[in-house]
Amino acid sequence: MEGDTGHPVFETAYGRIAVNICYGRHHPLNWMGFGLNGAEIVFNPSATVGELSEPMWPIEARNAAIANSYFVAAINRVGTETFPREFTSGDGKPAHKARARINTHARAAEDRCGQRRPGRGATPALERPTGRRSARYVAAPDASRTPSLARDMDGLMVADLDLNLCRQYKDKWGFRMTARYDMYAKLLGSYVRHDFQPQVIKDPSL
């Protein structure tokens with residue numbers, strides 16, 4: 001399910017970009033890996049379904065953008081797919097032929113991000129979310145995000161991203177400075193060993 005090619009970041013004329021494919025979004029260390037390698041925009045192309053991932057979809061990409069001080073484009077497939085043979089989803093429900101995606105595209109939408117307005121200072125990187133149910137969106141390192149695209153039609157979102165926010169929020173929140181990477185590395189190094197012993201402090205009364 002997970003690849004073994006690391007967490008490469010591609011330096012382009014449009015910024016340093018990376019791709020966290022589908023299920024990889026459920027693993028915080030994937031997001032961190034792209035951040036440590038200098039990503040400024042991480043795309044997360046997914047093929048998830050509504051009933052399975054609806055509660056997590058508005059949260060994971062946005063949390064990754066905050067924790068790693070980069071932009072995240074949360075992307076998913078469109079509509080409902082129908083298969084010729086029935087299948088089960090491992091949830092105890094009857095077999096079925098259709099699988100509805102969590103969201104769909106919308107008509108073209110353009111969001112101006114990180115721009116300065118006269119007399120008002122810098123606006124948030126992205127517009128705050130609307131009350132619509134979660135579909136495709138872009139999350140920013142300052143905890144803002146675009147409104148979602150609609151769930152029932154094709155479309156395109158164009159977001160103008162101010163990549164300076166990546167550095168600004170690394171400096172503002174100091175996550176890299178306060179992280180304990182040496183301690184995390186030691187824990188992970190011991191966890192993958194067969195003789196791993198969890199660090200558990202027991203209540204003396206037990």
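Descriptive notes on the structure:
- Per residue, in Å², the accessible surface of segment 155-206 once ligands and nucleic acids are set aside, probe 1.4 Å: 89 Å²
- Heavy-atom accessible area ranking, 1.4 Å probe, most first, across Tyr191, Tyr70: Tyr191, Tyr70
- Zone residues, segment 61-96, relative to Tyr184, backbone N less than 19 Å from point 7 Å out along Cα-to-Cβ: 61-72
- Taking all protein chains together, Trp173, Trp57 sort by accessible area into Trp173, Trp57, largest first [probe 1.4 Å].
- Compared with the direct C-alpha span, the chain from Ala95 to Gln197 gains 32.6 nm at full extension, assuming 0.36 nm per residue.
- Probe 1.4 Å - accessible area at Asp171, Å² to nearest ten: 110 Å²
- Accessible heavy-atom area order of Lys172, Lys93, Lys202, highest first, probe of 1.4 Å: Lys202, Lys172, Lys93
The values are calculated or read from the model by the stated rules, or taken from the named source; none is laboratory data. Model, not experiment: these values are computed from the prediction. Counting neighbours? That spans all protein chains shown, and the Cβs are built from the backbone with ideal geometry, glycine included. Note: areas computed on protein heavy atoms with side chains; ligands, DNA, RNA excluded. Shrake-Rupley method; radii C 1.70, N 1.55, O 1.52, S 1.80 Å.
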